[in-house]
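Right, one structure below, let's go through it.
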Amino acid sequence: MLRLIDGPGEVLELELLLLREKSDCDKTVTEPEDWPLIYQSY
């Protein structure tokens, strides 16, 4: 999940809030909300 924020001056920046990743294909269908959490900034 990314968030668009105001940077210095007239610059817009993307901030990473949440990253989930399912790197192994185990042939099961799961929702992205159930994938392993890699990074969370809040």
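Tell me, please, whether a residue that is surrounded by 10 or more Cβ atoms within 10 Å (Cβ to Cβ) and in contact with a Pro (Cβ under 8 Å, 6 or more places away or on another chain) can be found in segment 21-38. Yes, that holds for at least one residue. Looking across segment 19-34, not a single residue is basic (Lys, Arg), within 21 Å of Arg3 (Cβ to Cβ) and part of a loop (DSSP other than H, G, I, E, B). Taking interchain pairs and intrachain pairs at least six residues apart, which have beta carbon atoms under 6 angstrom, with the first residue in segment 21-40 and of a type in the set (Val, Ile, Thr) and the second surrounded by 10 or more Cβ atoms within 10 Å (Cβ to Cβ)? Qualifying pairs under 6 Å: Ile38/Leu19; Ile38/Glu21.
Only the coordinates and a few stated rules stand behind these numbers; no lab work does. The structure presented is a predicted model; accordingly, all values stated were derived computationally and were not measured. Cβ atoms come from the backbone with ideal geometry, glycine included; neighbour counts cover every protein chain shown.
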